[in-house]
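Have a look at the structure below, then the notes.
Readers should treat all values here as calculations from the given coordinates under stated rules, not as data from a laboratory. All values reported here derive from a predicted model rather than from experimental measurement. Glycine gets a Cβ as well: all are built from the backbone with ideal geometry, and neighbour counts include every protein chain shown.
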Amino acid sequence: MRKGFLSLDHGHRVYYEVHGLQGSAAIATRGNCDSTAVVLHGGPGGGLDRALLDLFDLTKWRVVLYDQRGCGRSTPHASTKHNTTWDLIADLERLRDHLGVNQWLVFGGSWGSTLALAYASRHGSAVTGMILRGVCLMEPWEQRWLYEEGGASRLFPEAWGQFCGGNCKGTYRKTLRTYGRLLRNRKNRETRKAAAARWWAWEETLSHLDPRPDCKGPKENERQVESLAVLEHHYFSNNAWLKPKQLLRAARHMSFPVIIVQGRYDLVCPPASAVALANALPQADLRMTVAGHAASEPATAKALKQALTEMESLTHSK
């Protein structure tokens, strides 16, 4: 494994790891790096997940994992300053150049699918193909589903009550404003921590076909809980600096192969977005699984592994 930090603008540093093919087999051979895949994690604010390496045949792939701005080992932690979708896209290009990669497969789940599409809309020539899971297009209806009474709240009213505390009546914008005041409370650390834990718990409740309690618990991963809540709130409050239908319009011009793996019962990113994207993409292959949102669910993991096997022949043969 190769790892390091990449220094960026405005004091940001991004942590990255490179797994799998190394040396003359794949590294820094411009024009001959089609065995490289970059994994875009969810959130925003999640962090790299080494468990995803189990999906790859590391004798055939060179896999780049990294923590996006403000999360994981990247610094400054949970910073919203100079942290937008377009900053993250610029970071990806800096990382690609730093690693000497000409083109790569882009693998993104949940928010990572949003970032993958936004990246490809600006740098399509650097993309050999995409594998997307749990598609999020940052459309207003997706936020209403998550943060406005009448969407996912109808399925988990108890968890919604704990998330809301009776303060989420009205539009999703009001919910986000309420959480903004709590997450930005500099006078009371405990208030901020409690708000971040509730934000985490609501999303965790919706993330699995068979709902389960958070196996780690907020006290054991407070940094990730904080970065997820703060950065998701920051991005969602600004609609990720994307206009409605922007990613769907851009998708119509993407000419590389795309495999979409979507949980039929995904309550974080409902299947309607994956279907809309598949209809817009010229070379899309949509695969529904009997699963929820998490990549770790058996049906989704199996479908992702199969997608990677197929992408080997689609991209490596070019």
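Quick one: THR309, THR300, THR205, THR75, fewest Cβ neighbours within 10 Å first, how do they rank? It would help to have the intermediate numbers written out before the result.
Working: THR309 13, THR300 26, THR205 22, THR75 17.
Starting with the residue having the fewest Cβ neighbours, the order is THR309, THR75, THR205, THR300.
From the largest down, the chain spans 57, 40, 35 angstrom on the principal axes of its Cα atoms.
Express in % the proportion of alpha carbon pairs of the stretch 132-174 at distances exceeding 12 Å. Kindly include the intermediate steps, with their values, before the conclusion.
Working: 540 of 903 pairs.
Looking at the stretch 132-174, the distances longer than 12 Å represent 60 percent of pairs.
Beta-bridge orientation, the chain: approximately 35 percent antiparallel, per DSSP, counting only bridges with both partners inside. Proximity of backbone amide H atoms, modeled 1.01 Å from N, is registered between GLY263 and GLY134, THR289 at under 5 Å, excluding neighbours fewer than 5 places apart on the same chain. Highest GNM mean-square fluctuation among ASN185, ASN279, ASN221, for the chain modelled with Cα contacts below 10 Å: ASN221. Residue-wise HN-Hα couplings along the stretch 273-279, as the Karplus relation 6.51 cos²θ - 1.76 cosθ + 1.60 with θ = phi - 60° gives them from phi, are 5, 5, 5, 4, 5, 4, 6 Hz; Gly and Pro carry x. For the chain, the Cβ-based charge dipole about the Cα centre amounts to some 900 debye (Lys, Arg positive; Asp, Glu negative; other atoms uncharged). Projecting the Cα positions of VAL225, GLY170, GLY180 onto the charge dipole of the stretch 140-240 (unit charges on Cβ atoms of Lys, Arg, Asp and Glu, taken about the Cα centre) puts GLY180 furthest along the positive direction.
Peptide packing: for 3-14, 58-69, 143-154, the average count of neighbouring Cβ atoms within 10 Å per residue gives the ranking 58-69, 143-154, 3-14, highest mean first.
At the listed q of 0.18, 0.21 Å⁻¹, the Debye profile of the stretch 140-240, built from one uniform point per Cα, gives log10 I(q)/I(0) equal to -0.85, -1.17. A cut-off of 5 Å between modelled amide H atoms, ignoring neighbours fewer than 5 places along the same chain, links ALA294 with LEU209. Sequence-ordered 3J(HN,Hα) estimates for the stretch 106-112 from the Karplus curve with 6.51, -1.76 and 1.60 and θ = phi - 60° stand at 9, 10, x, x, 6, 4, x Hz, glycine and proline given as x.
Please state the charge dipole magnitude for the stretch 140-240, taken about the Cα centre, from unit charges on C-beta atoms (+1 on K and R, -1 on D and E), reported in debye and rounded to the nearest 20. Let's see the in-between values first.
On the way: 18 positive and 13 negative charges, 134 e Å.
Roughly 640 debye, rounded to the nearest 20.
In this structure, the amide hydrogen of THR128, modeled 1.01 Å from its nitrogen in the peptide plane, lies closer than 5 angstrom to those of TRP104, LEU105, VAL106, counting only residues at least 5 positions away or on a different chain. For the chain, the 222 nm mean residue ellipticity estimated from helices alone, with every DSSP H stretch of n ≥ 4 adding -39500 (n - 2.57) and the total spread over all residues, rounds to -12000 deg cm²/dmol.
So which residue, out of TRP160, TRP111, TRP141, gets the largest mean-square fluctuation from a GNM of the chain using Cα contacts under 10 Å as springs? Of the options given, TRP141 has the highest mean-square fluctuation.
On full extension, the segment bounded by SER237 and GLU310 gains 22.5 nm, given 0.36 nm per residue less the C-alpha separation. Among VAL135, VAL18, the order by Cβ neighbours within 10 angstrom, fewest to most, reads VAL18, VAL135. Considering only GLY124, GLY170, GLY134, the Gaussian network model of the chain with Cα springs below 10 Å gives its largest mean-square fluctuation to GLY170.
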